[in-house]
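Engineer: Got a structure for you, questions after.
The values are calculated or read from the model by the stated rules, or taken from the named source; none is laboratory data. Predicted model, so just to flag it, every value in this text is computed and none were measured. A quick note on method: Cβ atoms are made from the backbone with ideal geometry, for glycine too, and the neighbour counts reach across all protein chains shown.
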Amino acid sequence: MNDFETRVHDIKKFCEEREWSKFHDPKNLALSLSLEAAEVLELFQWTKDNEIKDSKRDEIGDELSDVLYWVIMLANYYDVDLLGSLDKKMIKNAQKYPVEKAKGKSDKYNEL
């Protein structure tokens with residue numbers, strides 16, 4: 001078992017021990033993911049030039065970990081191989097954003 005699989009196993013065990021699976025339907029998992037992502041955004045609210053105070057770096061880690069937790073939970077519900085899906089998505093992105101067209105640009109693929 002690799003590090004990622006170990007983390008997924010630990011998350012499943014954590015939820016099983018608390019009997020939380022009855023609450024983990026797709027809607028609630030997606031809502032939780034969205035809410036945690038909003039908490040990441042909240043850390044940037046009222047910042048200048050996107051600068052985060054060093055004192056907030058641990059909070060960023062906590063919130064990003066929460067987002068990852070809910071991504072893993074939602075993927076687990078649908079039996080999605082996250083790392084395999086990420087590999088496939090990166091191939092699609094490379095096709096949509098070839099270096100020769102996208103380098104140094106923030107345009108969407110259909111505007112390149």
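Engineer: So which pairs qualify, if the first residue must be in segment 42-55 and not assigned by TED's automatic domain parsing to the domain that holds residue 66, the second must be assigned to a helix (DSSP H, G or I), the Cβ gap must be under 8 Å, and the two must be at least 6 apart or on different chains?
Structural biologist: No pair meets every condition.
Engineer: Let me ask another. Of all residues in segment 64-112, which are of a type in the set (Ser, Thr, Tyr) and part of a helix (DSSP H, G or I)?
Structural biologist: Our first condition is that a residue be of a type in the set (Ser, Thr, Tyr); within segment 64-112, this holds for 65, 69, 77-78, 85, 97, 106, 109.
Across segment 64-112, the qualifying residues are 65, 69, 77, 85, 109.
Engineer: Any residue in segment 89-112 that's surrounded by 11 or more Cβ atoms within 10 Å (Cβ to Cβ): show its pairings with residues that are outside any helix (DSSP H, G or I) and among the aromatic types (Phe, Trp, Tyr) at Cβ separation under 6 Å, as long as the two are six or more apart or on different chains.
Structural biologist: What qualifies is 109/97.
Engineer: Tally the residues that are of a type in the set (Val, Ile, Thr) and out of contact with any Leu (no Cβ under 9 Å at 6 or more places or on another chain), restricting the search to segment 1-30. Give the derivation first.
Structural biologist: Filtering segment 1-30 down to residues of a type in the set (Val, Ile, Thr) leaves 6, 8, 11.
Subset that is out of contact with any Leu (no Cβ under 9 Å at 6 or more places or on another chain): 6, 11.
Count: 2.
Engineer: Here's something else I'd like to know. Looking at (1) modelled with pLDDT of 95 or more; (2) farther than 24 Å from residue 79 by Cβ, find the lone condition where residue 13 falls short.
Structural biologist: (2) is the only condition that residue 13 fails.
Engineer: Among (1) assigned to a helix (DSSP H, G or I); (2) modelled with pLDDT under 95; (3) surrounded by 10 or more Cβ atoms within 10 Å (Cβ to Cβ), which single condition is residue 58 missing?
Structural biologist: Residue 58 satisfies all of (1) assigned to a helix (DSSP H, G or I); (2) modelled with pLDDT under 95; (3) surrounded by 10 or more Cβ atoms within 10 Å (Cβ to Cβ) except (3).
Conditions (1) of a type in the set (A, V, I, L, M, F, W, C); (2) at negative phi, marked per residue:
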site: 10; (1), (2): no, yes
site: 50; (1), (2): no, no
site: 53; (1), (2): no, yes
site: 59; (1), (2): no, yes
site: 71; (1), (2): yes, yes
site: 81; (1), (2): no, yes
site: 88; (1), (2): no, yes
site: 93; (1), (2): no, yes
